[in-house]
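Report on the structure given below.
The values are calculated or read from the model by the stated rules, or taken from the named source; none is laboratory data. Every value quoted in this text rests on a predicted model; they were computed, and no experiment measured them. Reconstructed Cβ throughout: ideal geometry from the backbone, glycine too, with neighbour counts over all protein chains shown.
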Amino acid sequence: MTPLTIKWAKKYRLVDDIARRPHPAHTHLGSIPRGGGVPIFLGIFLPIIFLLKINLQLIGIFIGSLILILVGLWDDKRDRSPYIRFLFNCLAALAVILSGINIPYITNPLGGILHFDKINLTFDVLGIDLTISAAHFFALLWIVWTTNIVGWSGGVDGQLPGFVAISAIIIGILSLRYIADPSQHYVTALSFITAGAFLGFLPWNYYPQKIMPGYGGKTLAGFMLSVLAILSYAKFGTALFVLAVPMTDAAFIFFRRIFSGSSPVKATSGHLHHHLLIIGWSKRRIALFYWSISLIAGFLALVLSPKQKLFAALLIVIIIFSFILWVNFFKKLPEKTANDME
C-alpha cells in the first residue's frame, strides 16, 4: 500500500516541504510525502477483517483510529491548530472508552492492586444522573497522553516504526501468558498485526525516507500501543518500560514548555533526537538507539518481576533525564541548520 500512498500524496500535495511549510521540529530537507498513516491503518484493519471476529471493542478501536487518520490527512495537507488536533485525540479515546475499554485496576509493583472502578462520581445533568468512573478518566488520560508522546519521538527516518513494532511485539508475547483467556486471543493477534503493519512501513521510512508517517501515522502508533496496554491485563508497567525513552523525553519537554510559559502542545526542536543530531549522531544511529533501548527493555520486561521492572525503568529514566539536562543546560550546543542536521 505504501508505494501507492507515496504517488497519491505527491499528486494531492500531501507533502512536508520545508520551504513551503517551515516547522521548528523538521530534521529533513526538500519535499517528503506525508500520509504514511494510511497504509499503516490499512495494514492493521484489513487483516482484522479476515482474521478476527468483529466485536464492540474492535469497532471502538476502528472508529478511534479512523478519526486519527482523517485528522492526520487534514493536518498533512495543511498544519492545523494543536488544540484542534488535541480535541480529536480526546474524541478518538472516547470512542474506545464507550466501546467498553477502560482501566478498572492496575497492579501495584510494590504489592497489591489499585482499583479505579470503585471510585465513581455522580452528577445531575438536566435531571439525569451521570456517573463518571475513575476507570474511564484514567483510560482517557492514558490514551491521550500516549497517543501524543509516541508521535513526539518520530522525528528522524525510521525512528518511530521500529520502536513501535518492538513495543507491540513485546506486548503480544506477554499476552500469550494469558492465552487461556479467550479474550486475550484478540490482544495477541492485534499486537502482532500492529507490529506487522509498522514493520511493513519501516523500509519506506528508514533513511533516506521516501515517506513520513505524518500526523495520522504518529498518533495511530501511540493510540494502538495505549489500547494494547489496557487490553493486555493493564500492562502499563511494561508499556512504560519499553517506551521509557520517548516517555522521559516527552515529560521533560512538556514540563519545560509549561515552566517557560509556552503552550505544552506547541511544537519545538528541543526533543532528544534533535540534541543527538546536533552533537553529531546520524539519523541511522538515532533510530538504532531507540530500537535498541526498546528491545533491551522489552527483553527485561519478559524476565523481570514487576518490582524489578519498576527499578529498571527508574534507572533508564534517570539516565535519559540526566542526559537531556546535560545537553540543555550544561553543554553549550553549537548553532546548526537543518542542512547540518541532515
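Quick look at the numbers
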| read-out | value |
| --- | --- |
| Checklist (1) among the hydroxyl-bearing types (Ser, Thr, Tyr); (2) out of contact with any strand residue (DSSP E or B) (no Cβ under 6 Å at 6 or more places or on another chain); (3) modelled with pLDDT under 95 applied to Thr131, failing item | (2) |
| Total residues in segment 64-85, condition part of a helix (DSSP H, G or I) and either farther than 19 Å from Arg34 by Cβ or without any contact (Cβ under 8 Å) to a residue 24 or more places away in the chain (or both) | 4 |
| Test: residue in segment 52-65 that is at pLDDT 95 or above, closer than 21 Å to Gln159 by Cα and of a type in the set (A, V, I, L, M) | no |
| Within segment 149-189, considering residues that are closer than 21 Å to Ala92 by Cα and modelled with pLDDT under 90, the one surrounded by the most Cβ atoms within 10 Å (Cβ to Cβ) | Gly154 |
| Every pair of residues 6+ apart whose Cβ atoms lie under 8 Å, when the first sits in segment 191-212 and is modelled with pLDDT under 90 while the second is among the β-branched types (Val, Ile, Thr) | Tyr207/Val156; Gln209/Ile32 |
| Ala297 in contact with a Phe, Trp or Tyr (Cβ under 6 Å, 6 or more places away or on another chain) and at pLDDT 85 or above | yes |
| Subset of segment 238-257 (residues that are aliphatic (A, V, I, L, M), out of contact with any Ser or Thr (no Cβ under 8 Å at 6 or more places or on another chain) and closer than 16 Å to Ser292 by Cα) | Leu240, Ala244, Met247 |
| Meets criteria (closer than 20 Å to Ile97 by Cα and either exposed (fewer than 15 other Cβ atoms within 10 Å of the Cβ) or of a type in the set (Ser, Thr, Tyr) (or both)) for Ile54 | yes |
| Test: residue in segment 30-41 that is modelled with pLDDT under 95 and surrounded by fewer than 16 Cβ atoms within 10 Å (Cβ to Cβ) | yes |
| Selected residue (only one of Ile149, Ile173 is closer than 14 Å to Leu295 by Cβ, touching a residue at least 40 places away in the same chain (Cβ under 8 Å) and in a helix (DSSP H, G or I)) | Ile173 |
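Conditions (1) surrounded by 13 or more Cβ atoms within 10 Å (Cβ to Cβ); (2) modelled with pLDDT of 80 or more; (3) touching a strand residue (DSSP E or B) at 6+ places or on another chain (Cβ under 9 Å); (4) of a type in the set (Phe, Trp, Tyr), marked per residue:
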residue: Val245; (1), (2), (3), (4): yes, yes, no, no
residue: Thr248; (1), (2), (3), (4): yes, yes, no, no
residue: Ala251; (1), (2), (3), (4): yes, yes, no, no
residue: Lys266; (1), (2), (3), (4): no, no, no, no
residue: His274; (1), (2), (3), (4): yes, no, no, no
residue: Ile279; (1), (2), (3), (4): no, no, no, no
